Amino acid sequence: MMWLILTGAAAGVISGMGIGGGTILIPALVFLFGTDQLSAQGINLIYFIPTAIIALYTHSKNKNIETKILKPLILFGIAGAFLGSTVALSLEPKILKTIFAIFLFFMGINEITKK
């Protein structure tokens with residue numbers, strides 16, 4: 001239970017920063033708790049809703065949101081989410097895990113090398 005609390009707290013801190021708690025939550029669920037990749041991603045989506053609301057409130061209060069670019073981002077984000085979830089459900093769990101690992105690798109490289 002303690003590991004779940006620590007994992008949730010760490011993912012929440014990362015979510016609040018706008019990086020995405022899934023970068024911690026999904027690997028923790030898979031490697032520490034033995035959750036399959038597809039279930040971990042589903043849990044992450046449910047987890048994302050309340051943490052995103054809190055982060056959105058905080059960033060909105062501090063005027064850190066550019067409202068002019070929201071409409072196309074939201075519209076294409078919805079389309080991408082539908083496409084991505086459809087593809088994820090059709091992939092073998094090992095392939096899905098590999099794609100996620102590659103994504104995290106390149107995100108890490110990007111964070112390390114950017115100024």
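The values are calculated or read from the model by the stated rules, or taken from the named source; none is laboratory data. Remember, it's a predicted structure, so these values are computed and weren't measured experimentally. Positions of Cβ are backbone-derived with ideal geometry, glycine not excepted, and every protein chain shown enters the neighbour counts.
Looking across the range 17-37 at every residue that is hydrophobic (A, V, I, L, M, F, W, C), surrounded by fewer than 17 Cβ atoms within 10 Å (Cβ to Cβ) and more than 13 Å from the chain's Cα centre (by Cα), the one that is farthest from N110 (Cα to Cα) is identified as F33.
Would you call V30 of a type outside the set (D, E, K, R), at pLDDT 90 or above and part of a helix (DSSP H, G or I)? Here the answer is yes, as V30 does meet what is asked.
Within the range 1-48, the residues that satisfy the criterion of being without any contact (Cβ under 8 Å) to a residue 12 or more places away in the chain and within 17 Å of S85 (Cβ to Cβ) are G20, S39, G42, L45, I46.
A single member of G108, G42, G80 is closer than 22 Å to L6 by Cα and exposed (fewer than 12 other Cβ atoms within 10 Å of the Cβ), and it is G108. A single entry from I53, I74, I102, I69 fulfils the requirement of being of a type in the set (A, V, I, L, M, F, W, C) and more than 26 Å from G42 (Cβ to Cβ): I69. Among the candidates I74, I14, I53, I69, the residue that is at pLDDT 90 or above and within 17 Å of the chain's Cα centre (by Cα) is uniquely I74. Filtering F100, F106 for residues that are assigned to a helix (DSSP H, G or I), under 24 Å from L38 (Cα atoms) and in contact (Cβ under 8 Å) with a residue 24 or more places away in the chain leaves a single hit, F100. For the range 49-90, the set of residues classified as under 21 Å from A28 (Cβ atoms), of a type outside the set (G, A, S) and either touching a residue at least 24 places away in the same chain (Cβ under 8 Å) or not in a helix (DSSP H, G or I) (or both) consists of T51, I54, listed by residue number.
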